[in-house]
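What follows is a set of notes on a single structure, which appears directly below.
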Amino acid sequence: MGGYAPSRAWDAYKCAFYGVFNRSDDEWVGQVTVGITAPRLPEYGVGYIADARFEGKGMMTEAVKAVVGMVFSDMEGLRVRSDCSENNVRSWKLLERCGFTREGHLRQNRRGPDGTVHGDYLYGILREEFDGLVE
């Protein structure tokens, strides 16, 4: 994921969107978003969405790791954060595979489309933790 130039979205909103494509046929697999959340640290937030047909193939894990690596190497980030629904097991397991630590649990903080109330898990990873994963 090296060598990616910031987009106009980064210049305007301090966020960028990276498409994830299947190497074999260039089909869209998902997207990883990164944005600055605390400029003075600096801290960045990442989010992602994937086409369900590609779940379990490791493509999004690879993409999230690449974006997190870019934040630490190219953007001089100190930490990266993310959050996901406590019910979205695939999502929080992806973050844990990428080296993130569960830092908190927001209980009953969101109402889903079906009216049920659920919480979110908060995750973070520090530069030195990520560096230890890739050495």
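Read-outs: derived from the displayed coordinates by stated rules, not from any lab. Since we're looking at a predicted model, the values are computed, not measured. Here the Cβ is made from the backbone with ideal geometry for all residues, glycine too, and neighbour counts use every protein chain on show.
Scanning the stretch 60-77 for residues that are of a type in the set (Val, Ile, Thr) and touching a residue at least 60 places away in the same chain (Cβ under 8 Å) yields VAL67, VAL68.
I'd like to verify a number: residues in the stretch 44-59 that are within 22 Å of GLY132 (Cβ to Cβ), within 10 Å of the chain's Cα centre (by Cα) and not aromatic (Phe, Trp, Tyr), how many? So the answer is 2. Can you say whether ARG110 is closer than 25 Å to LYS14 by Cβ and not hydroxyl-bearing (Ser, Thr, Tyr), as far as the supplied structure shows? It is true that ARG110 is closer than 25 Å to LYS14 by Cβ and not hydroxyl-bearing (Ser, Thr, Tyr). Of all the residues in the stretch 78-113, those that are in contact with a Leu (Cβ under 6 Å, 6 or more places away or on another chain), free of Cβ contacts under 8 Å to residues at least 40 places away in the same chain and among the aliphatic types (A, V, I, L, M) number 0. Pairing residues of the stretch 114-125 that are in contact (Cβ under 8 Å) with a residue 12 or more places away in the chain and closer than 14 Å to ASN88 by Cα with residues that are among the aliphatic types (A, V, I, L, M) and crowded, with 16+ Cβ neighbours inside 10 Å, at Cβ distances under 9 Å and at least 6 apart in sequence or on separate chains, gives TYR121/LEU95; TYR123/VAL80; TYR123/LEU95. Scanning the stretch 64-104 for residues that are among the charged types (D, E, K, R), touching a strand residue (DSSP E or B) at 6+ places or on another chain (Cβ under 9 Å) and closer than 12 Å to ARG127 by Cα gives ARG79, ARG81.
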